[in-house]
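Input: a single structure, listed below in C-alpha cells.
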Amino acid sequence: MSMFLTSQNKTDKQYYSDMLKCIGSLSRLFSESKEPYIQYRIAENLFCKSFNAKNLSRTDCSADASKDRVGIGIKTFLEVNGSTWQKVAEFNGDHGQFKSLGDKEKVKKVANLRNIRIDTTKRIFDLDKMIYHCVTRKPGRILVYELPMDSIVVGDIKKIKKNKNIISFDDGLNSYSFNISKSTLYKRFNTGELLLDLPVEILDDPFDSLEKLLSTTQESISFSSIKKQEHIFLPLYSMKDGKKVVPDKSGLNQWKASGRKRDYNEIYIPIPSWIHSKFPGFFPSRDTAFTLILPNGKEMSAKLCQDGSKALMSNPNSDLGKWLLRDVLNLKEGEVLNYDFLDNIGLDSVVIYKNNEGEYDIDFTAVGSYEDFKEESY
C-alpha cells in the first residue's frame, strides 16, 4: 500500500515531526504517564495544518481529513505491543436495526452499515481511497504508522464468537469486535511499517516553560474576539405526524412531482420559514444566483425558489440531484429516497456557511444537527 506520509514534501514532514515532539513534551500538563500524551483533536488539527489537508473532523463521516483524493482517519493510542483494539464506528442510532437479530445476522448488518458509511464518505468528498494515520505512543517516543481503511468483506466473515456482550469476527483482512450494549465496532490495529520514530523528552514542569514563554512575549500578545463563520442548518427531511419523512413528491423526491415531465435529478433542499425570520439576509433574494461550493471543492450555481423562498435549488435544477442523489447517496434514477436511508448512513441535514455575498459552502451534518440548531436559535 502506498503511504500518504511518504508522498509529502520534506519540509512539511519535518514540521509535523517537530510539532509532535513539542506537543508530546508538554504531556505533564495532562498526565503523569511515561508515555507522551497527544489529544486526538490536537492530532487532527496538527495533521491538517502540517500537510494543508482539509479538516473533516467537524463532519460526521469516516474520515478526519482529506488531501489528494485520499481520506484519512487519524487515530492516536498507546503502542502497547503493536496490537490493540480501537473504536472505528458507533451505531447508537441504528440499534433498532440489529438488536433482535441473531449473532451472525447482527454481525453482517453492522458490517454493511460500516461499509455504507465508508462508501458514502468517499462519494461526498470525491475520494479514491481511505487510510488510517496512526500516532502511537510508548515511553519516551511517538511512533507513526499508516494502514488501509478496509471495507469489511461481508462474504468472508468467519470466526464469529460471542462472549457475554461482545461478538468478535474476522473477514480475512482484519479482526473486529462489536460491543452490543454500546453499539460500537472495534478493529484490531496491528501496526505495520514504521514511518516515524520520534524521541520525546517530557518536561518535568511544563508550566514553568510556559511561564518563561509568556514572560518573553507578553508585550506582543493580543486577543481578538472569537469569530464564528456565519452559518445555518437545513434538514433533508420534513416532519409529518411527529415523524421525520422525505416527502414522496417534493424536497429530495421533487422529480416525482406531477404537472409536467421532470428530470430524475430535479430536487431541492427545503428551507423552513423560520430560517428566513431568524436569519434575514443570510441568503440572497429569490431567483438570485449564487455559488455553492461542495465538500469536494467543486462549485455549483444555486438559487432560492418557490413561494416564500422555501427551496434551495441548483441552476440548472438537475445539478443538485446529480450530485446529492447519484454521486453521494448512490441512488439509481427513479429510486425513491426515504428517511430510513438517511438514518442508516448517519446524516439527515446540511450546514450552509456564508463566505461572502454570492458564495457559500455546503457540508453534511449528523442526524440531529438541525434539531439542535433550531433549539439553540430560539
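Across all C-alpha atoms in segment 5-209, the radius of gyration and Dmax reach 18.2, 57 Å. D128 sits among other residues whose Cβ lies under 12 Å from its own Cβ, and their net charge, with Lys and Arg +1 and Asp and Glu -1, is +3. Relative to the current alpha-carbon distance between R260 and E357, full extension at 0.36 nm per residue lengthens the span by 31.5 nm. Look at S349, S238, S181 and count the other Cβ atoms within 10 Å of each Cβ; fewest to most, that gives S181, S238, S349. Rounded to the nearest 500, the helix-only mean residue ellipticity at 222 nm of the chain stands at -7000 deg cm²/dmol, with each DSSP H run of n ≥ 4 adding -39,500 (n - 2.57). Kirkwood analysis of the chain, using all unique Cα-Cα pairs, places the hydrodynamic radius at 23.3 Å. Calculate the FRET efficiency for S83 and K49 from the Cβ-Cβ distance with a Förster distance of 30 Å, rounded to the nearest 0.05. For S83 and K49, the calculated efficiency is 0.50. Residues T184, T6, ranked from the fewest to the most other C-beta atoms within 10 Å, line up as T6, T184. Counting 0.36 nm for each residue step from E105 to V245 and taking away their Cα separation leaves a gain of 47.7 nm. Note on segment 255-361: Cα-only Rg and Dmax are 14.1, 37 Å.
Extending 7 Å from the Cα toward the beta-carbon at both E333 and K164 defines two label points whose distance is 5.5 nm.
What does the charge count around Y378 come to, taking other residues whose C-beta lies under 15 Å from its C-beta (Lys +1, Arg +1, Asp -1, Glu -1)? Within the 15 Å Cβ shell, the charges total -2. Taking the number of Cβ atoms within 10 Å of each Cβ as an exposure proxy, the fewest-first ranking of H231, H95 is H95, H231. Local charge sum around I118 (other residues, Cβ-Cβ under 11 Å, Lys/Arg +1, Asp/Glu -1)? Value of the local net charge: +3.
Relative contact order, whole percent, for the chain stands at 15, derived from Cα pairs under 8 Å and 6 or more residues apart. Modelled label positions at D287 and L195, each set 7 Å beyond Cα in the direction of Cβ, lie 5.2 nm from each other.
Values quoted throughout were computed directly from the atomic coordinates according to the rules given, and no laboratory measurement underlies them. Just so it is clear, the structure is predicted and the values come from calculations on it, not from any experiment. A quick note on method: Cβ atoms are made from the backbone with ideal geometry, for glycine too, and the neighbour counts reach across all protein chains shown.
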